[in-house]
Amino acid sequence: MKATVFLGGGRITGALLAGLRLSGYKRPLIVHDRNLDKLRVLRREFRVELASDLRSAVEQAEMLIVAVRPSSVADLLDGVARCGAGALPRVAVSLAAGIPLKKLRFQLGSPVRWARAMPSPVSRVGRGLTAVAFDGECSKADRKRVREFFERVGLALQIPESRFDAFTASYSSSHGYHALATLARAAQRAGLDRETALTAAAHALADGILYWRESGLELSELLHEAVTPGGIAAATVAAMDKSGYEKAVTRGLRAGMRQARANARR
């Protein structure tokens, strides 16, 4: 039986493997990486097969997932191309931020149908979010297969490739961790001990967002409910906005998008 083959055994591969195993995914999973220590850890934790040789990995692939740094994609695909057109799978998925489909198509040619995917590390616990975009050559069956694969580890959204950089800069769980750390530090400076500060900040972010997800209410309604005119929350939010909160977030997203575009030029 042909397998789903990961080229690259880094953190996002580990997160996806954990989520797939949690979901009961039964198809064969193979990982290729030049770092044998990484491979041994993945085999021990997720019962995957290992391929130390690139050609053997490619030849076993029904779906090939390119999970290396953007700067490593070109060299890796040169190696894949040398395996020969007969060894190439029908579908390949790139997880490399910023590398456009046209570059991926150019390196492996017409036998391969390409998709791009941007999965979250939160896939590890089955609560991930993955954006997917497809080459025009992908059939409906190919698209369905890729979407269903990532739906194993959370929600999958199909979006135009032109919006991929904006999604990549916006969706990262780092936003939540950064906001949690920042709010908790501010609470400590305001007088709370560290544990209480983290508990309060986590409730403000995680439980508040969970309420939004489950209530079906609009954000404007929830803000109206939580921010009473003349109250503490109203004063807090107004001061944060006056200090440039929205501007800082906007500048951060733009910086992330510039980095994605820089990756594409490499």
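Read the figures in this text as sums done on the coordinates, not as results from a lab. Quick caveat: nothing in here was measured; it's all calculated off a predicted structure. Counting neighbours? That spans all protein chains shown, and the Cβs are built from the backbone with ideal geometry, glycine included.
Details
- Rounded to 0.05, the FRET efficiency of the residue 237 and residue 125 pair, given R0 = 25 Å and the Cβ-Cβ distance, is 0.20.
- Subtracting the Cα-Cα distance of residue 199 and residue 248 from their residue separation scaled by 0.36 nm leaves 15.1 nm.
- Summarising the label geometry, the points placed 7 Å from Cα in the beta-carbon direction at residue 177 and residue 206 lie 1.4 nm from one another.
- Charged neighbours of residue 15, selected by a Cβ distance under 13 Å, balance to +4 (K, R count +1; D, E count -1).
- Selection from 56, 224, 188 lying farthest towards where the dipole of the chain points positive, charges on Cβ: 56
- With the highest mean first, a sort of the peptides 141-150, 223-232 on other beta-carbon atoms found within 10 angstrom per residue produces 141-150, 223-232.
- Projected label distance in nm at residue 228 and residue 36, using a 7 Å step from Cα toward the beta-carbon: 6.6
- Cβ-defined net charge surrounding residue 67, 11 Å radius [Lys, Arg +1; Asp, Glu -1]: +1
- A Förster radius of 41 Å, combined with the Cβ-Cβ distance separating residue 192 from residue 71, puts the computed FRET efficiency at roughly 0.45.
- Proximal lysines relative to residue 26, as straight alpha-carbon distance under 24 Å, when same-chain residues fewer than 8 apart are discounted: 2, 38, 140, 144
- Farthest toward positive dipole pole in the chain [+1 Lys/Arg, -1 Asp/Glu at C-beta], among 5, 108, 70: 108
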